[in-house]
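Q: Can you keep this structure in mind? I'll have questions shortly.
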Amino acid sequence: MNQIGFGTLDDNLHGKVALVTGGSRGIGEAACRALAAKGAAVAVHYRTNQDLAEQAVERIRQAGGAAHAFNADLSDPDAAGRLVADVVTHWGRLDILVNNAAEMHTARVVNLSDADWDRILSVNLSAVFRCARAALPGMLERGWGRIISVTSQAAYNGSVSHAHYATAKAGLAGFTYSLAKEVAAAGITVNMVAPGRILTDMIAEEASRREAEWLAQIPMGRYGQPEEVASAIAFLSSEAARYITGATIHVNGGQLMS
């Protein structure tokens, strides 16, 4: 049996290219910085706010990393393929796919329209499938790849007024486990990171309003930071995590235990 000595599996990502969807802010932006810090060239995807994306790119470049911004509306079924193709055209390859882009919409089921249901599932679930499908041929050809999807505690506990969001995030589990089995022998790992209450712009207002209630549900007694989720993403992207696939890393301060 071959023995793997400590120190042979590092987290160096030099020579790799990573695409982070929804990479212009919050967890996505932190993931872009974390991957770039380990040497990856990073494609920062955005949908509407080019200024934020360019700011994220500039921060990475100022720190000595390589980054470029790419635009796509992932609710468009054809956009994922174009996005991956643009990244490959720019850098010649795509090794790491981080499916982070997400949309949130608040409505109880009785008031939820077909259009809102379809859009949330399209962005939060179907786009993951489409991005992975587009990225896989190159990964299979090289015999190396990382696909990491950002899910949510809502996938495990549900969420009042967010049934469509929770359903999409739960669907990521079935997709991740199935794809992980399909491509494991080809040197490609497929995993998820499940953040708890992470202090980003998306939840900042509600987090302030419901602080006492929400913090009581978190054994650590504080909100998480985007960088703490990004660290898990960067680890799963690395060679140090090469024997981990079909797994979920929960970054939630113990919230799932509550």
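Q: Over the range 10-68, with the other protein chains present, what is the accessible area per residue in square angstrom, probe 1.4 angstrom?
A: Accessible surface, normalised per residue, equals 42 Å².
Q: Using all C-alpha to C-alpha distances in the range 7-75, build P(r) with 5 Å bins and read off the rounded percent in each one.
A: That works out to 4, 21, 31, 22, 12, 6, 3, 1, 0, in percent per bin.
Q: With θ taken as phi - 60° and the coefficients 6.51, -1.76 and 1.60, list the Karplus ³J(HN,Hα) couplings across the range 108-124 in order, rounded to whole Hz; mark glycine and proline as x.
A: Going residue by residue, I get 6, 4, 5, 10, 7, 7, 4, 5, 5, 4, 5, 5, 4, 5, 5, 6, 8 Hz, with x marking Gly and Pro.
Q: Name the residue, out of TYR46, TYR156, TYR165, whose mean-square fluctuation peaks in a Gaussian network model built on the chain with Cα pairs under 10 Å.
A: Ranking TYR46, TYR156, TYR165 by mean-square fluctuation puts TYR156 first.
Q: Report the rotationally averaged projected area of the range 115-197 based on its alpha-carbon convex hull, in square nanometres.
A: Values: hull surface 21.9 nm².
Average projection, Cα convex hull of the range 115-197: 5.5 nm².
Q: How large is the accessible surface per residue of the range 136-258, computed with a 1.4 Å probe and reported in Å² as a whole number?
A: On the way: 5640 Å² over 123 residues.
Value returned for the range 136-258: 46 Å² of accessible area per residue.
Q: Can you give the net charge of the other residues whose Cβ lies under 11 Å from the Cβ of SER237, counting K and R as +1 and D and E as -1?
A: Within the 11 Å Cβ shell, the charges total +1.
Q: Would you list, by chain and number, the lysines whose Cα falls below 25 Å from the Cα of LYS38, excluding same-chain residues fewer than 8 positions away?
A: List returned: LYS16.
Q: Which percent of the accessible heavy-atom area of the chain goes to carbon and sulfur, probe 1.4 angstrom?
A: 51
Q: If you wrap a convex hull around the C-alpha atoms of the chain and split its volume per residue, what is the figure in Å³?
A: Dividing the Cα hull volume of the chain by its residues yields 138 Å³.
Q: Here's a follow-up. Report ³J(HN,Hα) in whole Hz for each residue of the range 49-57, in order, from the Karplus equation J = 6.51 cos²θ - 1.76 cosθ + 1.60 where θ = phi - 60°; Gly and Pro get x.
A: After applying 6.51 cos²θ - 1.76 cosθ + 1.60, I find 9, 5, 4, 4, 5, 5, 5, 4, 4 Hz.
Q: What number comes out for the charge environment of HIS105, summing +1 per Lys or Arg and -1 per Asp or Glu over other residues with Cβ under 12 Å away?
A: -1
Q: Which angle from 0 to 90°, rounded to the nearest 10, does the C-alpha axis of helix 79-91 make with the longest principal axis of the chain?
A: The helix 79-91 is inclined about 40 degrees to the chain.
Q: Where does each of TRP144, TRP214 land when they are ordered by accessible area, with a 1.4 Å probe and the largest first?
A: On the way: TRP144 40, TRP214 15 Å².
Sorted descending by solvent-accessible area, the residues read TRP144, TRP214.
Q: On to the next question. Under a 10 Å cutoff between Cα atoms, tell me which one of THR167, THR189, THR89 has the largest fluctuation in the Gaussian network model of the chain.
A: THR89
Q: Net charge near GLY64: determine it from the other residues with C-beta under 13 Å of the C-beta of GLY64, scoring Lys and Arg +1 and Asp and Glu -1. Provide the component values of the computation, followed by the final result.
A: Numbers: positive: ARG33, LYS38, ARG59, ARG61; negative: GLU58.
After counting each charged neighbour, the total is +3.
Q: Using the Karplus curve 6.51 cos²θ - 1.76 cosθ + 1.60 with θ = phi - 60°, work out ³J(HN,Hα) for each residue of the range 25-34 in order, rounded to whole Hz, and write x for Gly and Pro.
A: Along the range 25-34, the couplings run 7, x, 4, x, 5, 5, 5, 4, 5, 5 Hz.
Q: Distance from the Cα centre of the range 174-193 to that of the range 207-251, in angstrom?
A: Their Cα centres are 20 Å away from one another.
Q: Which semi-axes, in whole Å and largest first, does the equivalent ellipsoid of the range 1-124 have when worked out from the alpha carbon gyration tensor as the square roots of 5 times its eigenvalues?
A: 30, 18, 14
The values are calculated or read from the model by the stated rules, or taken from the named source; none is laboratory data. Because the structure is predicted, anything quoted here is derived from the model rather than measured. Cβ atoms come from the backbone with ideal geometry, glycine included; neighbour counts cover every protein chain shown. SASA here: full protein model, heavy atoms, side chains in, ligands and nucleic acids out. Shrake-Rupley method; radii C 1.70, N 1.55, O 1.52, S 1.80 Å.
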